[in-house]
Amino acid sequence: GDYETALKYLEDSLKIRQEIGDKSGEGTTLNNISQIYYTRGEYDTALKYLEDSLKISQEIGDKSGICATLYNLGYIYMVNKEHAKAFSNWITVYKIANKMREAQALQNLESLAIKLGGKGLEFWEELATKEK
């Protein structure tokens with residue numbers, strides 16, 4: 001609950017990761033910073049950090065990072081009433097995670113599907129099939 005302290009540590013971590021050229025860690029840290037802003041209701045700021053994180057993950061080919069970031073972006077779009085964008089992101093996460101068998105992403109999607117009234121991963125499979 002001490003978001004200011006957490007944010008300070010994450011910003012320090014981000015600076016170090018940038019200084020040493022740790023792109024993967026930089027992307028992860030940007031994603032983590034976004035979650036503090038999301039929790040505080042500062043969605044535009046969270047969105048900026050997520051977009052930066054996604055760009056890095058895409059540049060370095062970090063599929064797990066892409067999944068985590070797109071998943072979190074989906075929540076930002078949902079609270080901003082951009083439902084189509086939210087679902088598009090989550091379907092993309094499903095496609096990538098399913099292909100890679102990325103357990104954490106699939107578990108998160110399964111829980112999300114149930115919250116949305118679906119039947120776990122079958123929900124995402126059906127949506128992904130319709131999207132083709």
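Report note on the peptides 39-48, 92-101: ranked by the mean count of other C-beta atoms within 10 Å, highest first, their order is 92-101, 39-48.
For the listed residue pairs LYS63/LYS95; LYS85/LYS119; LYS81/LYS119, the alpha carbons are over 19 angstrom apart in LYS85/LYS119; LYS81/LYS119. Ligands, DNA and RNA are left out, and with a 1.4 angstrom probe the accessible area of the stretch 14-91 is 50 Å² per residue. Apolar share of the accessible surface for the chain: 51 percent from carbon plus sulfur atoms, 1.4 Å probe. Out of every Cα-Cα pair that the chain contains, those further apart than 28 angstrom amount to 18 percent. Between ALA113, ALA68, ALA103, the GNM of the chain built on Cα springs shorter than 10 angstrom shows ALA103 fluctuating the most.
May I ask which of LYS48/LYS115; LYS99/LYS130; LYS23/LYS48 have a Cα-Cα span longer than 21 Å here? Before the final figure, lay out the partial values.
Details: LYS48/LYS115 26 Å; LYS99/LYS130 17 Å; LYS23/LYS48 17 Å.
In this structure, LYS48/LYS115 lie more than 21 Å apart at Cα.
Taking θ as phi - 60° and the Karplus parameters 6.51, -1.76 and 1.60, the scalar couplings of the stretch 40-57 work out to 7, x, 9, 5, 5, 5, 4, 4, 4, 5, 5, 4, 5, 4, 4, 4, 5, 4 Hz in sequence order, x denoting glycine and proline. If you plug the beta carbon distance of LYS130 and ASP44 into 1/(1 + (r/R0)^6) with R0 = 35 Å, you get a FRET efficiency near 0.70. Were the residues from LYS23 through GLN104 laid out at 0.36 nm apart, the gain over their Cα-Cα distance would be 27.1 nm.
The values are calculated or read from the model by the stated rules, or taken from the named source; none is laboratory data. Because the structure is predicted, anything quoted here is derived from the model rather than measured. When we count neighbours, we look across all protein chains shown, and the Cβ atoms used for this are built from the backbone with ideal geometry, even at glycine. Protein only, heavy atoms only, side chains kept; ligands, DNA and RNA dropped before computing areas. Shrake-Rupley method; radii C 1.70, N 1.55, O 1.52, S 1.80 Å.
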